[in-house]
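Novice: Quick one: this structure, given as structure tokens, is what I'll be asking you about.
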Amino acid sequence: MNNNSLRLFLAGGNFTAMRICLTADETKELSSMPNLSEGVMEEGIRIGRKEGREINTVDNLKSLMETLGLSLSQAMSALKIPPDKVSHYEKLIKKTID
């Protein structure tokens, strides 16, 4: 097998070997591609962290409202929620109350 060949093994009961010939440019491009599974995992972690922060913020807003009797607007001010995020958190709070 030369350097421009790639051997793929497909699992599934019986193993089948396939030989794919690549040009030098294709081999270079393939070797420079980032690992797809790592990218998917990193994206999942990023999304999970974002959702975790949102849940924490909603919990903190509800706690301020319940324990200190603040309105939602006052609780958001106390937590310094940016104006562009106010409607987002209003929707999240309403989902948890309904």
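Novice: Subtract the Cα-Cα distance of ILE20 and SER77 from 0.36 nm times their separation in residues, and report this length gain in nm to one decimal.
Specialist: Here the segment from ILE20 to SER77 would lengthen by 14.5 nm.
Novice: Starting from the Cα of LYS50, draw a straight line to each of the lysines and keep only those under 24 Å, dropping any in the same chain fewer than 8 residues away.
Specialist: Partners found: LYS62, LYS80, LYS85, LYS91, LYS94, LYS95.
Novice: Note the full-extension length gain between GLU42 and GLU66 as 0.36 nm times their separation in residues minus their Cα-Cα distance, in nm to one decimal.
Specialist: Taking 0.36 nm per residue and subtracting the Cα distance, the gain is 5.0 nm.
Read-outs throughout are calculated quantities, based only on the coordinates presented, and are distinct from any laboratory measurement. Owing to the predicted nature of the structure, the values given are computational and were not obtained by experimental measurement.
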